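To keep things clear, I will list the structure first and then write my remarks on it.
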Amino acid sequence: MDYSVGQVAGFAGITVRTLHHYDEIGLLVPSERTYAGHRRYNDADLDRLQQILFYRELGFPLDEVAALLDDQATGKADPRAHLRRQYELLTARIEKLQKMAAAVEHAMEAHTMGIDLTPEEKFEVFGDFDPDQYAQETRERWGDTEAYRQSRRRTASYTKEDWKRINQEMDAVHHRMAALLAGGVPAGSEAAMDVAEEHRRCITRAYYDCGHEMHACLGEMYVTDERFTATYEAIRPGLAVYMRDAIAANKARHTVEPGAATPR
């Protein structure tokens with residue numbers, strides 16, 4: 001069978017003009033022409049076109065594509081070696097595309113808001129506190145850290161129910177700590193350090209891997225940043241400092257000094 005230039009263009013998903021160009025440069029010369037000079041392509045021509053499009057997809061310039069196909073057509077290249085080369089090129093292309101896809105995915109994550117809720121859902125979960133209000137500040141302060149990137153990846157998929165559960169868990173920890181403060185239990189006690197450890201674990205489960213050193217930095221911020229201080233003081237006066245001290249004591253408990261026994 002033979003096919004018109006329009007039919008071949010339709011089969012291959014390319015333009016008629018492209019086929020005309022391939023003919024003009026000798027890359028794909030149709031096997032036949034009608035008396036009126038119209039191009040007619042047979043099955044062998046379609047096979048060659050398929051090879052051309054394969055190499056073009058891999059980014060080969062047209063002159064190299066022509067050399068590769070001409071070597072194959074004249075028997076200079078082993079057909080099996082040619083297929084192996086195609087397989088290797090295609091495998092490398094797939095690997096490259098996978099890396100590109102991963103890069104695009106990370107870029108999408110970087111531009112995804114960490115809290116993807118409607119305004120109504122945000123109010124239901126967070127009340128008067130608007131987490132987006134501090135999004136820019138958070139990016140500026142922590143955007144180049146792995147903790148920030150990890151937190152964005154995790155929270156991007158959270159639902160309203162997830163946020164409610166996280167808030168409930170954190171509120172329970174805060175009120176347990178407030179109860180210890182109210183009962184006069186020292187911040188350096190086992191009980192207070194245990195609650196501080198649970199606080200650290202809540203952060204790790206919900207947001208990012210929070211080690212004891214980072215946790216201690218957060219504790220300091222609870223006292224030095226008036227916004228955090230106000231949040232804890234609203235639960236119970238003195239709680240911000242108490243939290244900081246309990247977190248610091250818990251860090252010391254888990255820190256191994258040279259020559260010291262391993263802490264529990």
**Message:** Looking at the structure I just gave you, is G26 surrounded by fewer than 18 Cβ atoms within 10 Å (Cβ to Cβ), assigned to a loop (DSSP other than H, G, I, E, B) and not aromatic (F, W, Y)?
**Reply:** yes
**Request:** Mind listing whichever residues of the stretch 204-231 are closer than 16 Å to M193 by Cβ and among the hydrophobic types (A, V, I, L, M, F, W, C)?
**Result:** C210, A216, L218
**Request:** Report whether or not L49 is closer than 24 Å to T91 by Cβ and of a type outside the set (K, R).
**Result:** yes
**Request:** Tell me the helices (runs of 4 or more DSSP H) entirely within the stretch 152-264 that contain at least 3 residues that are of a type in the set (A, V, I, L, M, F, W, C), surrounded by 14 or more Cβ atoms within 10 Å (Cβ to Cβ) and modelled with pLDDT of 90 or more.
**Result:** 160-182, 190-206, 239-253
**Request:** Would you confirm whether any residue within the stretch 106-114 is in a helix (DSSP H, G or I), outside the structural domain of I166 (by TED's automatic domain parsing), surrounded by 12 or more Cβ atoms within 10 Å (Cβ to Cβ) and at pLDDT 90 or above?
**Result:** no
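Conditions (1) among the small types (G, A, S); (2) farther than 15 Å from R244 by Cβ; (3) in contact (Cβ under 8 Å) with a residue 60 or more places away in the chain, marked per residue:
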position: H175; (1), (2), (3): no, yes, yes
position: G183; (1), (2), (3): yes, yes, no
position: E190; (1), (2), (3): no, yes, no
position: D194; (1), (2), (3): no, yes, no
position: H199; (1), (2), (3): no, no, no
position: D209; (1), (2), (3): no, yes, yes
position: E213; (1), (2), (3): no, no, no
position: A216; (1), (2), (3): yes, no, no
**Members of the stretch 1-23 that are surrounded by 13 or more Cβ atoms within 10 Å (Cβ to Cβ), in contact with a helix residue (DSSP H, G or I) (Cβ under 8 Å, 6 or more places away or on another chain) and of a type in the set (S, T, Y)** = Y3, T18, Y22
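The values are calculated or read from the model by the stated rules, or taken from the named source; none is laboratory data. This is a predicted model, so every value here is computed, not measured. Here the Cβ is made from the backbone with ideal geometry for all residues, glycine too, and neighbour counts use every protein chain on show.
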